[in-house]
1. Give the residues of region 234-250 that are in a helix (DSSP H, G or I), aliphatic (A, V, I, L, M) and touching a strand residue (DSSP E or B) at 6+ places or on another chain (Cβ under 8 Å), sorted by residue number.
2. Give, as residue ranges, the strands (runs of 3 or more DSSP E) completely inside region 263-333 that count at least 1 residues that are of a type in the set (Phe, Trp, Tyr).
3. Which residue, of Gly87, Gly15, is within 26 Å of the chain's Cα centre (by Cα) and at pLDDT below 90?
4. List the pairs whose first member sits in region 282-298 and is under 14 Å from Thr347 (Cβ atoms) and open to solvent by 100 Å² or more (accessible area, probe 1.4 Å), whose second member is of a type outside the set (A, V, I, L, M, F, W, C) and not in a strand (DSSP E or B), and whose Cβ atoms are under 7 Å apart, counting only residues at least 6 apart or on separate chains?
5. When region 722-742 is examined, which residues are found to be hydrophobic (A, V, I, L, M, F, W, C) and surrounded by 12 or more Cβ atoms within 10 Å (Cβ to Cβ)?
6. Which of the residues that make up region 109-152 are among the hydroxyl-bearing types (Ser, Thr, Tyr) and open to solvent by less than 40 Å² (accessible area, probe 1.4 Å)?
7. Within region 187-205, work out how many residues are open to solvent by less than 50 Å² (accessible area, probe 1.4 Å) and over 20 Å from Ser171 (Cα atoms).
8. Please return the ranges of strands (runs of 3 or more DSSP E) entirely within region 717-814 where 2 or more residues are more than 51 Å from the chain's Cα centre (by Cα).
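The values are calculated or read from the model by the stated rules, or taken from the named source; none is laboratory data. From a predicted model like this one, the values you see are computed outputs, not experimental measurements. Reconstructed Cβ throughout: ideal geometry from the backbone, glycine too, with neighbour counts over all protein chains shown. Protein only, heavy atoms only, side chains kept; ligands, DNA and RNA dropped before computing areas. Shrake-Rupley method; radii C 1.70, N 1.55, O 1.52, S 1.80 Å.
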Amino acid sequence: MKFSISWLQEYVDTGDLTPEALAEHLTMLGLEVDSVDPLFPELKNLVTAKVIKVESHPNADKLHLCEVDTGEEVLTIVCGAPNVREGLITAFAPVGTIMPDGTKIKASKVRGIKSFGMLCSERELGLSESHEGIMDLPADIKHGQPLLTALGMDDLVVEVDLTPNRPDCASVIGIAREVSGVTRNPLTRPVENAHLEHSAEYFRVDVENNELCPRYSAKLIKNVTIQQSPWWLRKRLLSVGLRPINNVVDITNFVMMEYGQPLHAFDYDKLAGQQIMVRNPRNNEKSFTTLDGEKRDIDPDMLLICDAEKPVAVAGVMGGLNSEVTSETTDILLESACFNPISIRKTARKLNLGSEASYRFERGVDPGGCLIVLERAAQLLCEIAGGETTVGGADYYGGVRPLNSQTIRISRTAALLGIDLDYNIIADHLTSIGMRCKPKNDDTLWVNPPTFRVDIEREADLVEEVARLVGYNNIPTSLPTVHLSYPDKDPKRELRARISNLLADTGFTEAINYSFVTEKHLDMMQLADDDSRRNQVQLLNPLSEEQSVMRSMQLPGLLENLKRNNNFQKSAVKLFEVGKVFTPQGENEQPVEKDRLTCILSGRRAGEASYLYNDSDAVDIYDAKGTAEMLLETLRLQGCSKDDAVTIRLPENDEAETYSDASQCLILDSAKGIVGQIAKLEESVAKQFGIKQDAYFIDLDFDLLCSLKAADKDFTSLPVFPAINRDIALLVPVSTKAGEILETIKKSKEKFIESSDIFDVFQGKTLEKGMKSIAVSVTYRSPTKTLTEKNVNKSHTKLINLLTSKFDGSLREG
């Protein structure tokens with residue numbers, strides 16, 4: 001049984017356990033760890049690279065000469081891939097790399113031109129069979145980083161040698177359950193419970209032998225689209241050594257590895273009579289062709305899955321070629337069943353056909369988990385393959401045995417293990433792995449093992465579980481320490497109150513809008529058809545059409561507020577809102593709620609202040625930017641650690657929202673992701689809302705903002721000695737950014753420089769073409785003495801030389 005550490009952590013928090021400590025705990029629990037290895041170590045030398053130039057090869061029609069930026073250098077690569085293009089981010093194998101097939105990459109001439117490495121396809125890297133072209137990675141992936149990091153495969157794979165009596169651990173959730181018993185962190189499963197109403201509208205199921213098939217569940221999924229699986233799903237399968245095939249097959253394999261319950265997908269249109277029969281072969285059925293194309297002899301005691309006319313699968317071992325899911329398949333009958341382990345073991349041996357499914361059926365699968373796994377797979381088929389579930393299905397459980405309740409004696413257990421035990425210790429350990437316990441008398445417990453523990457048959461099995469969980473070499477000797485402490489305040493709530501006060505102090509008014517909005521807002525915002533925000537939570541009983549969905553963005557509500565204020569002759573508006581937006585997660589699941597901070601500015605900068613003392617200038621993008629910078633500076637998110645610092649930059653590629661004026665747009669970025677956006681509202685969008693004046697907005701991911709760690713407070717004593725101010729007027733190229741000049745001064749390491757500030761930027765006919773003037777005021781001060789002109793002149797001269805040389809400028813005369 002293989003699993004990756006990251007996959008395991010989706011279901012249980014491993015806490016502070018290192019991979020080595022995790023392996024030690026699993027081994028002591030009876031799950032012997034054979035190895036802990038890096039995932040795809042043969043790809044460790046590959047990096048992401050960016051194609052910056054593509055030309056035709058002078059000596060070959062189908063080859064290209066590419067200039068490739070590897071992050072450290074630009075190399076010439078000869079490539080024959082049809083999809084190579086400028087700007088492409090792809091996988092690059094430098095010279096000296098040994099590929100998965102053993103090939104060593106060398107610098108070699110290709111048709112007379114030397115190539116220094118190779119741009120790779122997925123097949124060449126052993127990631128899939130795709131060889132139509134080189135890998136086409138998302139454009140937002142940074143080039144020059146290790147490929148494994150970029151693909152999210154910088155992970156460890158753990159291989160566990162399972163004993164035959166532990167089929168419940170032949171899954172990632174099964175392993176997670178054992179880890180949960182050690183760490184006492186809760187186990188999270190994607191689907192906890194499921195119910196299936198019986199319906200024979202689309203198909204029927206008949207089981208002839210209860211002993212050979214205790215449970216058989218099936219569900220019809222219609223209108224699926226067969227295509228390649230998304231990368232996250234293929235990555236999971238590759239991490240455990242399974243080959244991705246298509247989204248339907250990959251989902252069944254993924255759920256099998258996740259829950260330990262094998263599944264099979266039939267092409268519904270190939271099932272004669274829309275019927276499933278679980279039976280032994282008829283007298284005239286002597287052979288059967290399985291999915292691998294092999295024609296196999298079948299015996300009368302083998303169990304088959306058949307339609308109304310013929311066998312379509314060998315139960316628990318492999319499906320048939322005559323019901324295979326192909327690229328033309330649209331409707332799928334999904335099977336989740338429990339078969340007799342002995343029957344499956346005999347069949348697999350006779351056919352010499354072992355599979356991941358038969359491995360699990362031979363050891364025994366959970367008869368109580370069939371519906372849960374069926375529901376999980378159906379959800380993924382709807383999400384990934386675009387399928388639609390039909391109402392009801394089939395769930396035959398005539399052979400499922402009742403729960404096997406057992407008793408365990410405290411004194412007997414203590415005597416067998418040689419340690420002191422009581423009711424609480426035993427019940428605590430058994431409950432941690434899903435067993436239900438209650439006292440029978442002072443010395444005995446009733447224990448109900450869960451259905452997935454098919455190996456618990458007698459008291460001795462429970463005693464073994466207690467020994468395992470207490471720890472063969474780790475007997476607890478002390479009670480847990482309970483710390484008395486003052487309850488911590490919610491940092492998210494405190495930050496929200498602080499931001500609200502800051503914005504109110506700077507002239508903003510807080511708005512509180514309904515979460516129920518109209519669907520028309522998204523069209524008015526001109527969102528793309530494939531924008532994820534178009535997927536909204538529909539209300540079953542809306543108050544009106546104007547409140548029929550739950551909002552997926554806050555800005556439209558504030559634009560409605562702006563329009564209303566304008567209608568009441570209030571043209572100067574500054575509003576903000578901190579609220580939730582909602583993303584649906586599927587049927588019968590609660591939507592994901594995320595907090596956002598959105599501000600809007602429009603009209604006169606001075607607001608309602610008297611015109612006698614204030615001008616009538618309107619707000620612009622710099623007012624919005626200044627508000628955002630004020631928040632970041634006050635929250636100490638500028639100048640903090642690299643991982644938590646927020647920077648403001650221009651948008652790249654298509655980062656600007658469709659409702660933003662791309663020429664007046666800024667991105668707030670951090671190492672943890674894009675925090676938000678500052679922009680002018682696109683005029684066409686403003687007209688959709690009936691707004692006739694310019695409007696600017698700030699839209700921030702409040703949850704991400706809360707996750708950033710503020711810089712530590714730094715206290716210094718008040719200055720004792722006087723400061724000296726000097727001005728510098730530089731003539732620099734118009735492309736020079738004023739902020740870069742301030743950053744250079746800050747990093748100049750001139751010890752007497754206390755601060756610097758831009759006080760003038762000028763462009764005009766009096767200056768040389770292509771040049772502009774930037775005036776900087778520099779403050780010098782020493783904490784230990786009064787500076788002399790000589791001290792300041794020396795530092796000032798060095799600073800001027802630094803700025804003129806770095807920015808190719810000169811001092812402005814006159």
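1. Those that are in a helix (DSSP H, G or I), aliphatic (A, V, I, L, M) and touching a strand residue (DSSP E or B) at 6+ places or on another chain (Cβ under 8 Å): Val248, Val249.
2. 263-267, 287-289
3. Gly15
4. Asp297/Lys286
5. Ala723, Ile724, Ile728, Ala729, Leu730, Leu731, Val732, Ala738, Ile741, Leu742
6. Matches in region 109-152: Ser115, Ser121, Ser128, Ser130.
7. Selection size over region 187-205: 4.
8. The qualifying strands (runs of 3 or more DSSP E) are 724-733.
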